[in-house]
1. Would you mention how many residues in the range 44-89 are part of a helix (DSSP H, G or I) and not aromatic (F, W, Y)?
2. Suppose we filter the range 44-78 for residues that are among the charged types (D, E, K, R), at pLDDT below 95 and in contact with a strand residue (DSSP E or B) (Cβ under 7 Å, 6 or more places away or on another chain); how many remain?
Amino acid sequence: MTAADPGTRVERIRQALQAAFSPVALEVVDDSHRHAGHAGARDGRGHFNVAIVSPAFAGMSPLARHRAVYAALGEMMQSDIHALSIHAEPPPAS
């Protein structure tokens, strides 16, 4: 697999988010195939959906959670990811 391989990208995204947030739930889906021919897909970067639940998001606004996810993904936002849909939440209060 190369760094551009979708399976590798999903795993790299998963590892970065695991390391940053120690989530209790994490799902990363590569939706790049749904955007074939899209102008943004021509550069080789992918489209991904992330659903993440982590105590690290407690007390954060939705915008702050999104910014934290972008920061955790760092360089991948420039090299591997063209579009990212994020659903980031803290665990439900008990």
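1. The qualifying residues number 17.
2. 1
The values are calculated or read from the model by the stated rules, or taken from the named source; none is laboratory data. Only a predicted model underlies this, so the values are computations on that prediction, with no experimental measurement involved. Neighbour counts run over all protein chains shown; Cβ positions are idealised from the backbone, glycine included.
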